[in-house]
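> The structure's right below; bear with me while I get my questions together.
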Amino acid sequence: MSISLDEYLKNNPLRPAIKAAFFDIDGTLLSLDGHYSAALKRSIARIKAMGVKTAIASGRPYFATRFLWQELGLSDAGVFCTGAQIYEPQAQREHRVHYLPQAVKQRLIQALREADIYYELYTHTGFFVERNNAPEILAVHAQHLRCEPSHCHFDAVSEPAVKLLIGANMHKDGRILQQLEAAFPECIFAYASLPAYPEWLFASIIDKNASKAAAFDYLLDYHQVSASHVISFGDAQSDMAFLSMAGIGVAMGNATAQVKAIADVVTTPVWEDGVAVALEALVT
């Protein structure tokens with residue numbers, strides 16, 4: 001059952017002090033146009049001044065979040081590539097990384113070529129496409145990531161793969177994603193949508209040992225905080241682990257019903273400054 005911010009405040013007048021905050025990016029910090037508001041920037045600056053650790057928990061690779069470290073100060077150790085990377089921007093330190101095994105990666109790539117759906121490959125340094133069969137999706141995705149892909153055959157990419165990203169128009173190829181997930185039990189398929197194209201569904205494919213739940217436990221230990229002192233924000237299936245494990249899990253108003261159901265509280269949508277609204281009410 002979804003609980004509004006007002007209901008949550010009424011039912012929980014005494015709450016633990018927040019010591020760490022984890023933020024999803026797309027559809028949470030960034031709105032449909034890929035930008036954040038001045039109100040969000042002020043709210044994050046305020047909680048940072050209180051000593052709250054502020055970090056990213058996203059499917060994005062760390063190199064596509066640099067502007068958020070620099071502009072919003074989200075530079076504490078956080079999660080990238082849906083759990084495959086734990087990276088600390090402030091110290092420029094990689095804590096953990098789980099690569100896709102080479103044999104699994106090759107089988108996946110071959111299956112994606114045969115399925116003829118949209119796919120990207122991510123390494124430490126960049127992202128790659130070898131077939132641009134959805135130019136409008138690629139253009140918007142590159143704009144939101146604020147970095148351009150390299151176009152090449154994936155056999156020419158020598159760096160290990162941190163993740164693959166696949167996408168399909170649910171009206172046309174929706175079943176393909178589920179069929180691929182069933183064919184690769186050695187991988188985690190973490191689903192999310194692109195706010196500008198809600199009819200599309202995407203899945204980040206990572207090694208099965210790279211779960212967000214394990215990453216959450218690692219970060220609690222590293223930041224020396226208990227789960228009850230953590231607030232997490234998200235809007236997609238891939239954010240559910242952090243929302244359910246945090247002391248306060250905040251689903252965006254634009255989140256799916258499944259995500260709202262496991263959250264402690266539902267804030268306003270991203271285009272109505274949902275993160276800023278929740279931070280002002282819950283972190284005092």
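The values are calculated or read from the model by the stated rules, or taken from the named source; none is laboratory data. Keep in mind it's a predicted model, so treat the numbers as computed, not measured. Virtual Cβ from ideal backbone geometry, glycine too; neighbours counted across all protein chains shown.
> Which condition from (1) surrounded by fewer than 16 Cβ atoms within 10 Å (Cβ to Cβ); (2) modelled with pLDDT of 95 or more is the one that His35 breaks?
(2)
> Could you please find all residues in region 38-60 being assigned to a loop (DSSP other than H, G, I, E, B), of a type outside the set (Gly, Ala, Ser) and at pLDDT 95 or above?
Within region 38-60, Met50, Val52 qualify.
> Moving on to the next point. Can you tell me which residue is farthest from Leu29 (Cα to Cα) among those in region 229-243 that are out of contact with any Gly (no Cβ under 6 Å at 6 or more places or on another chain) and outside any helix (DSSP H, G or I)?
Going through the qualifying residues, I end up with Ile231.
> Another question, if that's okay. Surrounded by fewer than 24 Cβ atoms within 10 Å (Cβ to Cβ), of a type in the set (Val, Ile, Thr) and at negative phi: does that describe Ile47?
Values: surrounded by fewer than 24 Cβ atoms within 10 Å (Cβ to Cβ): yes; of a type in the set (Val, Ile, Thr): yes; at negative phi: yes.
Considered against the rule, which asks whether it is surrounded by fewer than 24 Cβ atoms within 10 Å (Cβ to Cβ), of a type in the set (Val, Ile, Thr) and at negative phi, Ile47 comes out as yes.
> Would you point out the residue of region 138-156, among those that are at pLDDT 90 or above and in contact with a Leu (Cβ under 9 Å, 6 or more places away or on another chain), that is nearest to Gln102 (Cα to Cα)?
The residue in question is Phe154.
> Identify the single condition in (1) among the polar types (S, T, N, Q); (2) farther than 27 Å from Val250 by Cβ; (3) touching a helix residue (DSSP H, G or I) at 6+ places or on another chain (Cβ under 7 Å) that Thr54 does not satisfy, given that it satisfies every other one.
Thr54 satisfies every listed condition except (2).
> In region 264-284, how many are more than 18 Å from Arg60 (Cβ to Cβ) and either under 15 Å from the mean Cα position of the chain (by Cα) or in a helix (DSSP H, G or I) (or both)?
Here the count works out to 10.
> If we scan region 146-169, do we find a residue that is small (Gly, Ala, Ser), under 23 Å from Leu32 (Cα atoms) and either in the same structural domain as Asn132 (by TED's automatic domain parsing) or touching a Pro at 6+ places or on another chain (Cβ under 9 Å) (or both)?
Quick first cut of region 146-169, residues small (Gly, Ala, Ser) only: 150, 156, 158, 161, 167-168.
After this cut, where a residue has to be under 23 Å from Leu32 (Cα atoms) as well, the list is 167-168.
When the remaining residues are screened for being either in the same structural domain as Asn132 (by TED's automatic domain parsing) or touching a Pro at 6+ places or on another chain (Cβ under 9 Å) (or both), the result is 167-168.
Yes, some residue in region 146-169 is small (Gly, Ala, Ser), under 23 Å from Leu32 (Cα atoms) and either in the same structural domain as Asn132 (by TED's automatic domain parsing) or touching a Pro at 6+ places or on another chain (Cβ under 9 Å) (or both).
> I'd like to check something: does region 10-23 contain any residue that is more than 22 Å from Pro195 (Cα to Cα) and assigned to a helix (DSSP H, G or I)?
yes
> What residue, among those in region 244-263 that are among the aliphatic types (A, V, I, L, M), part of a loop (DSSP other than H, G, I, E, B) and in contact with a strand residue (DSSP E or B) (Cβ under 6 Å, 6 or more places away or on another chain), is nearest to Ala214 (Cα to Cα)?
Step by step, filter region 244-263, then rank; the result is Ala246.
To keep it simple, each residue is scored yes or no on (1) in the same structural domain as Phe233 (by TED's automatic domain parsing); (2) farther than 30 Å from Thr125 by Cβ; (3) not hydroxyl-bearing (Ser, Thr, Tyr).
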site	(1), (2), (3)
Pro13	no, yes, yes
Leu40	no, no, yes
Lys48	no, no, yes
Gly51	no, yes, yes
Thr54	no, no, no
Gly59	no, no, yes
Ala64	no, no, yes
Asp76	yes, no, yes
